[in-house]
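The values are calculated or read from the model by the stated rules, or taken from the named source; none is laboratory data. This structure is a prediction, so every number in the text was calculated from the model and none was measured. Glycine also receives a Cβ, built like all others from the backbone with ideal geometry; neighbour counts cover every protein chain displayed. We work out accessible area using only protein heavy atoms, side chains counted, and drop any ligands, DNA or RNA first. Shrake-Rupley method; radii C 1.70, N 1.55, O 1.52, S 1.80 Å.
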Amino acid sequence: MKLVTDNRPGVIEVAIQGRFDAHTVGPYITEVTERIDADHATVVIDLGGVDFIDSSALAALVTTLKRTLEYGGDVVLSRVSPSAHIILELTRLDEVFTRSDAVSGPLRNLTA
Amino acid sequence: MAAPSTADRMLAACDLFIEAGTHLDTAGVAAAGSEQLARLARCELAVVAFEGPDGISSASYPHALPANVAETLIRDGNTVSGRSSWLFSPDNRVASIRHGGTYRGAIAAVGPVDGDFTVIEEWLVLVVARRLEAQLELIDLHRQSLRDAQIVHDAVLAGEMQQALLSKPTLRTGGVEMTASLRPARHVGGDLYEVAEADGYPIGLVADVSGKGAPAAMLTTAVHAAARHAIAAAGPDPVDILCRLGTEIAPLLDRTESIVTIAAAVVDPAARSVTVASAGHSPVLVRRFGRVSPVEPSAPPPGVPNFDTGLRPTTFTLWPGDLVLIGSDGLTDQRSPHGGAFGTDRLHVSVEGLEAGPAEQNVASLFGVVDRFRAGAAQDDDQTALMIVIGEDDR
């Protein structure tokens, strides 16, 4: 899994590429969930490059959502890949997160 | 008596080395090493001293170790040049011992018997030191294998305990047969099922806890206890069962940062109907008149805030030969040796192809199809199948 992060004021942006599963969720938790606070309460997660997602990753996304809600923030899933969309839809989690098709900040910076 | 030949000394070295390999404690290694050194190097006193896994180990042969010699040898054995101690006289031979990439101590052949050490004897001093280093590595490996064996043993026992906590897997009443089977991917897992009856209504529940291994298994045990409590409190109402269960485990899911997908089915034997509710769980399939259709979850899984807001039941009237399957994603996610997944389409076809037979037979057949697809590849995830079969009306 490749994790690319960026920060705008008040926002944590991350692009996840590859497998997002029990073996790779640790770095995500460190880089994203544990950095949520009153000054960084909105998280934008680009899932465009995810080719596999499992229940551990879904649980991590839900935990991220709950943390942002504590500070009045939100989680936005952007450019959800077909693989990730199927799993989110199967579990009805697609209705829980805000969705976006915009290219995330980390990936914009990489291609600039 | 003539001094032993070089060949005899080599044979003696082999015997000593074989015997030394039986020692799995550092004290025994030190003692055997000192005797080896004394016999092979033909010295008046052989000393071994090192700091190993069990602390400082030291020995000497054939005399008792003089006071402070072990500490001196460990302290200075790595840099003996210029030292004035009798231990480091130019007539003696000292070789260092390294373990884990670090200097740990040394061996010393003190007082050569015939005035000076031969080249062979100097070489043998080094050989004994290397042999001691190898033996220390063996001790590490042996102890690690014991720890690993204990971990595996504990996991096997935990798996047996987890299986023992599952309810009796088969229920038959009023022409309805319900059966469940769970195959963990490792000794312990994150799937669970419950087959129960309330007020004459068979109730089946399958849940899948996020994560893998021991942490998921421990959470699964708590969820299972809560599920039994929820079924007893709610009775034959799958939405109420899931709401009560989700509410009870919500604090636990918060603390463990987990989610649990759950589906429950309640059978009305008199009406020949099955009512299903699913919170984020799939696959849930219904086969009616030979055609399979999925039952989509109506809500996300517990762990999500207010998960039960949209939770709704779905009811089917079933006829003889119809069936309901609540599985876990371990069935659809199973990979073949070539890496492809079993998938939902293949599962649908497999369920359509099941014969109108007993539920236990159908579950076994379904697992057989998945196993043939797996073709010897490792089982990727826990696999659970709970099947409800409607038989002929025997009222």
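Sort the following peptides by mean Cβ neighbour count (other Cβ atoms within 10 Å, averaged over residues), highest first: A:94-102, A:38-46, B:97-105.
Numbers: A:94-102: 14.7, A:38-46: 18.9, B:97-105: 16.6.
Top of the packing list down: A:38-46, B:97-105, A:94-102.
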* To do: Taking a cut-off of 12 Å between Cα atoms, list the aspartates and glutamates near B:LYS168, but don't count ones fewer than 8 places away on the same chain.
  => B:GLU194, B:GLU197
* Structure fact -> For the stretch B:273-320 the residues that are at least 30 Å² less accessible with all protein chains than alone, 1.4 Å probe, are B:SER282, B:PRO297, B:PRO300, B:VAL304, B:PRO305
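Any idea what the dipole of the protein assembly as shown comes to, in debye rounded to 20, about its Cα centre with Lys/Arg Cβ at +1 and Asp/Glu Cβ at -1?
440
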* Structure fact -> Chains A and B: accessible area buried, summed over both chains, 1.4 Å probe, nearest 100 Å², reads 1500
* Send over a whole-number figure in Å² for the accessible area per residue of chain A, probe 1.4 Å. => 44
* Structure fact -> Rounded to a whole number, the mean other protein chain Cβ count within 10 angstrom for residues of A:55-67 is 6
* Asked: When only alpha-carbon atoms count, how far does the stretch B:6-148 stretch along each of its three principal axes, as whole angstroms with the largest first?
  -> 50, 35, 26
* Asked: Once all Cα-Cα distances of the stretch B:166-390 are split into 10 Å bins that start at 0, what whole-number percent is in each one?
  -> 9, 36, 38, 16, 1
* **Most mobile of B:TYR201, B:TYR193, B:TYR61 in a GNM of chain B (Cα contacts under 10 Å)** => B:TYR61
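Can you give the local net charge around B:MET387? Use residues other than it whose beta-carbon is closer than 13 angstrom to its beta-carbon, Lys and Arg +1, Asp and Glu -1. Mind dumping the intermediate values first?
Working: positive: B:ARG172, B:ARG287; negative: B:GLU177, B:ASP322, B:GLU355, B:GLU360.
Around B:MET387, the surrounding residues sum to -2.
Report the semi-axes of the equivalent ellipsoid for the protein assembly as shown in whole Å, largest first, where each axis is √(5λ) for an eigenvalue λ of the Cα gyration tensor.
Equivalent-ellipsoid dimensions as semi-axes: 66, 30, 19 Å.
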* Asked: Quick one: net charge of B:PHE50's neighbours, Cβ under 15 Å, K/R +1, D/E -1?
  -> -3
* **Whole-percent pair-distance distribution, where bins are 5 Å wide, for the alpha carbons of chain A** => 2, 13, 25, 28, 21, 9, 1, 0
* Asked: Using mean Cβ contacts within 10 Å as the protection proxy, how do B:153-165, B:204-216 order, highest first?
  -> B:204-216, B:153-165
* Asked: Counting only heavy atoms of protein chains, what accessible area per residue, in Å², does the stretch B:166-390 have with a probe of 1.4 Å?
  -> 37
* Asked: Considering every residue in A:83-90, what mean count of other chain Cβ atoms within 10 Å of its Cβ is obtained?
  -> 2
* Residues of type aspartates and glutamates that A:LYS2 reaches as a straight line, Cα spacing below 15 Å, ignoring anything fewer than 8 places off in the same chain -> A:GLU13, A:ASP21, A:GLU31, A:ASP46, A:ASP51
* Structure fact -> Checking the stretch B:307-395 for GluC sites (Glu not before Pro) in a loop per DSSP with at most 14 other beta-carbon atoms within 10 Å yields B:GLU355, B:GLU392
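Per-residue ellipticity at 222 nm for chain B, helices alone: DSSP H runs ≥ 4 residues times -39500 (n - 2.57), over residue total, nearest 500 deg cm²/dmol?
Values: 9 runs with 157 residues, N = 395.
Taken over chain B, the calculation gives -13500 deg cm²/dmol.
Using Cα pairs closer than 8 Å and at least 6 residues apart in sequence, work out the relative contact order for the stretch B:166-390, in percent.
On the way: 528 pairs, mean separation 52.7, N = 225.
Result for the stretch B:166-390 is 23 percent.
Under a 1.4 Å probe, what is the accessible area of the stretch B:11-144 per residue, stated in Å²?
Details: 6330 Å² over 134 residues.
Averaged over the residues of the stretch B:11-144, the accessible area is 47 Å².
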* Please quote Rg/Rh for chain B to two decimal places, taking the Kirkwood radius as Rh and restricting both calculations to Cα atoms. => 1.33
* Convert each backbone phi in the stretch A:84-96 into a coupling constant with the Karplus relation 6.51 cos²θ - 1.76 cosθ + 1.60 (shift: θ = phi - 60°), then list the ³J(HN,Hα) values in order as whole Hz, x for Gly and Pro. => 5, 4, 4, 5, 4, 5, 4, 9, 6, 7, 5, 8, 8
* Charge tally in the Cβ shell below 10 Å around B:SER298, where Lys, Arg are +1 and Asp, Glu are -1, B:SER298 excluded -> 0
* Asked: How much of the accessible area of the protein assembly as shown, in percent, comes from carbon and sulfur atoms when a 1.4 Å probe is used?
  -> 55
* Structure fact -> Looking only at lysines whose Cα falls under 18 Å of B:LYS212's and that sit 8 or more positions away or on another chain, we get none
